[in-house]
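S.K.: My questions all concern the structure below.
None of the figures in this text is laboratory data; all of them are computed from the coordinates on show. Keep in mind the model is a prediction, meaning the values are calculated, not measured. Positions of Cβ are backbone-derived with ideal geometry, glycine not excepted, and every protein chain shown enters the neighbour counts.
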Amino acid sequence: MSVARVLRLDEYRDRRVYRLKMAQALHRADPARGGLLARLVEVAEWTGSERVAVVWIDEYGPGLVHPHVVLDLLADRPRRRFSPDPLQKAWEYGIPGAYDGTGDSGTDLSSTFAIALGSDGSRAWFLVADSISPRPAFGGPVRDRLMFLAG
């Protein structure tokens, strides 16, 4: 193994740690969102996802996805755009409904795991964990843990 590859891996890890610490610092002022961020960190650890978020969709609006809390370990400026397709699929499975899109190695599609959390009357809430690389479907213990953390 060349030294150049090891150095790039360390740099990648350092950037992830930096982004995590920055997100924690920014959410420290709001205890409710800080608590959510702590759960998102656990979800990221369990899934190996680069981005985890709690998002909502206005049930009476145009169906745009609005981020509530986002943890993005891949980008310095958190990516706040989410596709509504996995969320709609999770919603169709019921509450709590889970959609596991594993991605396809032949395309640019990301792997997405979405859980429909429910509705507060005007907003439908979801937990989303996505990764830029394809992965196998989550099995028993990981899926159970994710459903527990979402609850």
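S.K.: Measure nothing fancy, just the Cα-based angle from helix 31-47's long axis to the longest principal axis of the chain, in degrees from 0 to 90, nearest 10.
M.R.: Its long axis makes an angle of about 60 degrees.
S.K.: Step through the residues of the stretch 54-65 one at a time and calculate ³J(HN,Hα) from phi using the Karplus curve (6.51 cos²θ - 1.76 cosθ + 1.60, θ = phi - 60°), rounding each to whole Hz and writing x for Gly and Pro.
M.R.: Those phi angles translate into 9, 10, 9, 10, 5, 5, 10, x, x, x, 6, 8 Hz.
S.K.: Separate question: Which peptide among 54-64, 131-141 comes first, and what is the full order, when sorted by highest mean count of other Cβ atoms within 10 Å?
M.R.: Packing proxy ranking, top to bottom: 54-64, 131-141.
S.K.: A follow-up question, please. Averaging over every viewing direction, what projected area does the convex hull of the Cα atoms of the stretch 61-143 cover, in nm²?
M.R.: With the hull built on Cα positions only, its mean projection is 6.4 nm².
S.K.: Hey, another quick one. Tilt of helix 3-27 relative to the longest C-alpha principal axis of the chain, in degrees (0 to 90, nearest 10)?
M.R.: Value to nearest ten degrees: 40.
S.K.: Sticking with this structure for a sec: Starting with the fewest neighbours, write out PHE148, PHE126 ranked by other beta-carbon atoms found within 10 Å of each beta-carbon.
M.R.: Ascending number of Cβ neighbours within 10 Å: PHE148, PHE126.
S.K.: If contacts are Cα pairs under 8 angstrom and at least 6 residues apart, what is the relative contact order of the chain in percent?
M.R.: 21
S.K.: Give me the Kirkwood hydrodynamic radius of the chain, using the inverse of the mean 1/r over all pairs of distinct Cα atoms, in Å to one decimal.
M.R.: 16.1
S.K.: Quick check: the angle from helix 140-150's long axis to the longest principal axis of the chain, C-alpha only, nearest 10 degrees?
M.R.: 70
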